[in-house]
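Data first, discussion second: the structure below is written as structure tokens.
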Amino acid sequence: MDIKTLVLALALGNLSLCAALFFFEAGARRSGQTARIHATWMWAKQCQAMAWFLLYFRGELPDFLTIPVANAILFAGFALDASALWEQAGRRVWRNYLVPALGAAVGVYVAAWLLQL
């Protein structure tokens with residue numbers, strides 16, 4: 001099995017989980033906090049699916065889209081995954097640190113990518 005097949009499987013898996021979360025949320029009434037957690041998790045999976053699709057087309061799309069942009073979206077998906085788990089644990093402090101930490105991670109990654117060119 002080659003790497004492109006694995007990346008496509010990751011993209012489709014995240015997309016199908018996102019669809020399952022959407023229909024799960026649509027079929028049940030939830031409290032505000034639980035609905036927010038599910039929505040955050042669904043956005044995380046959408047970001048990850050989009051990033052994996054961009055990485056799947058590496059070599060066919062420009063490198064700027066398939067390397068730094070795709071990885072920035074992937075980092076955002078991971079950050080949203082973590083924030084949904086923190087929210088579920090009752091820790092809302094993540095909101096104060098998520099965007100700066102995500103910005104720093106993306107900045108370091110893009111700087112490293114640009115330096116290696």
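Does ALA20 satisfy being at pLDDT 85 or above, surrounded by fewer than 17 Cβ atoms within 10 Å (Cβ to Cβ) and out of contact with any helix residue (DSSP H, G or I) (no Cβ under 6 Å at 6 or more places or on another chain)? Criteria not met by ALA20.
Being more than 20 Å from ALA51 (Cβ to Cβ), part of a helix (DSSP H, G or I) and of a type in the set (A, V, I, L, M, F, W, C) is the filter here; which residues of region 75-89 pass it?
First, the residues of region 75-89 that are more than 20 Å from ALA51 (Cβ to Cβ): 86-89.
Now drop any that are not part of a helix (DSSP H, G or I), which leaves 86-88.
Listed by number, the list holds a single entry, TRP86.
Here is a yes/no grid of residues against (1) free of Cβ contacts under 8 Å to residues at least 12 places away in the same chain; (2) over 22 Å from LEU6 (Cα atoms):
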position: THR34; (1), (2): yes, yes
position: GLN46; (1), (2): no, no
position: LEU55; (1), (2): no, no
position: LEU65; (1), (2): yes, no
position: ARG92; (1), (2): yes, yes
position: ASN96; (1), (2): yes, yes
position: ALA101; (1), (2): no, yes
position: ALA104; (1), (2): yes, yes
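What tally of residues in region 90-107 results from selecting those that are open to solvent by 100 Å² or more (accessible area, probe 1.4 Å) and either in a helix (DSSP H, G or I) or in contact with a Cys (Cβ under 9 Å, 6 or more places away or on another chain) (or both)? Outline the logic, then answer.
Step one: of region 90-107, the residues open to solvent by 100 Å² or more (accessible area, probe 1.4 Å) are 91-92, 95-97, 99.
Still in the list and also either in a helix (DSSP H, G or I) or in contact with a Cys (Cβ under 9 Å, 6 or more places away or on another chain) (or both): 95-97, 99.
Residues that pass the stated criteria total 4.
When region 52-74 is limited to residues that are not aromatic (Phe, Trp, Tyr) and not in a helix (DSSP H, G or I), the one that is farthest from ALA9 (Cα to Cα) turns out to be PRO62.
Only one of the numbered conditions (1) in contact with a Leu (Cβ under 8 Å, 6 or more places away or on another chain); (2) within 25 Å of PRO100 (Cβ to Cβ) is not met by GLN33, and that is (1).
Considering each residue of region 50-80, count those that are of a type outside the set (A, V, I, L, M, F, W, C) and open to solvent by 30 Å² or more (accessible area, probe 1.4 Å), and give that number. The total comes to 6. Residues that are surrounded by 14 or more Cβ atoms within 10 Å (Cβ to Cβ) and at pLDDT below 80 within region 23-49 comprise GLU25, THR34, listed in sequence order.
The values are calculated or read from the model by the stated rules, or taken from the named source; none is laboratory data. All of these numbers come straight from a predicted model, not from anything done at the bench. When we count neighbours, we look across all protein chains shown, and the Cβ atoms used for this are built from the backbone with ideal geometry, even at glycine. All accessible areas refer to the heavy atoms of the entire protein, side chains included, with ligands and DNA or RNA removed. Shrake-Rupley method; radii C 1.70, N 1.55, O 1.52, S 1.80 Å.
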